[in-house]
1. Six or more apart or on different chains, Cβ under 6 Å: which pairs go from a residue in segment 9-34 that's over 14 Å from TRP56 (Cα atoms) to one that's among the hydrophobic types (A, V, I, L, M, F, W, C) and part of a loop (DSSP other than H, G, I, E, B)? Could you list them?
2. Could you please let me know if GLN17 is under 16 Å from the mean Cα position of the chain (by Cα) and open to solvent by 50 Å² or more (accessible area, probe 1.4 Å)?
3. Given the conditions (1) over 22 Å from PHE8 (Cβ atoms); (2) part of a loop (DSSP other than H, G, I, E, B); (3) charged (D, E, K, R), report the number of the one that ASP49 does not fulfil.
4. Yes or no: segment 55-72 includes at least one residue that is surrounded by 10 or more Cβ atoms within 10 Å (Cβ to Cβ), out of contact with any helix residue (DSSP H, G or I) (no Cβ under 7 Å at 6 or more places or on another chain) and among the aromatic types (Phe, Trp, Tyr).
5. Going by the structure shown, is GLN70 out of contact with any His (no Cβ under 7 Å at 6 or more places or on another chain), assigned to a helix (DSSP H, G or I) and in contact (Cβ under 8 Å) with a residue 12 or more places away in the chain?
6. Open to solvent by 70 Å² or more (accessible area, probe 1.4 Å), over 16 Å from the mean Cα position of the chain (by Cα) and free of Cβ contacts under 8 Å to residues at least 60 places away in the same chain: is that true of LEU75 in this structure?
7. If a residue must be in a loop (DSSP other than H, G, I, E, B) and exposed (fewer than 12 other Cβ atoms within 10 Å of the Cβ), how many such residues does segment 26-40 contain?
Amino acid sequence: RLSDVEWFRDIYGDVVQTVRVVATEETRKRRNWVFVAGVDDAESECGLDQGVAFDWVITNDGDELSLGEQLETLLQSLRGRL
């Protein structure tokens, strides 16, 4: 929820890193995802689709090399903050 993100940012400031993982609807369907009204359009599923400037957006469309590179970049950044 947006209020949770805001709370963490208020309490912990710049140490909070938000990460959004995205995949196309086509990729999600290949993974057997089927939209369920009342579930997939609920706040718990889509409440952060607007109003949050994510620090990181990771694309997970099935390209393992690309995913690995993105995650490695994220991990290096986080390690640099320790």
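1. ARG9/VAL16
2. Details: under 16 Å from the mean Cα position of the chain (by Cα): yes; open to solvent by 50 Å² or more (accessible area, probe 1.4 Å): no.
Answer is no for this residue.
3. (1)
4. no
5. Numbers: out of contact with any His (no Cβ under 7 Å at 6 or more places or on another chain): yes; assigned to a helix (DSSP H, G or I): yes; in contact (Cβ under 8 Å) with a residue 12 or more places away in the chain: yes.
Yes.
6. No.
7. Residues of segment 26-40 in a loop (DSSP other than H, G, I, E, B): 31-40.
Adding the requirement that they be exposed (fewer than 12 other Cβ atoms within 10 Å of the Cβ) leaves 31-32, 34-39.
Count: 8.
Let's see how each residue does on (1) in contact with an Asp or Glu (Cβ under 8 Å, 6 or more places away or on another chain); (2) β-branched (Val, Ile, Thr); (3) open to solvent by less than 80 Å² (accessible area, probe 1.4 Å); (4) more than 30 Å from LEU82 (Cα to Cα):
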residue	(1), (2), (3), (4)
TRP7	no, no, no, no
ILE11	no, yes, no, no
THR24	yes, yes, yes, yes
GLU43	no, no, no, yes
VAL52	no, yes, yes, no
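The values are calculated or read from the model by the stated rules, or taken from the named source; none is laboratory data. Treat the numbers as computed from the prediction; the structure is a model and nothing was measured. Glycine also receives a Cβ, built like all others from the backbone with ideal geometry; neighbour counts cover every protein chain displayed. We work out accessible area using only protein heavy atoms, side chains counted, and drop any ligands, DNA or RNA first. Shrake-Rupley method; radii C 1.70, N 1.55, O 1.52, S 1.80 Å.
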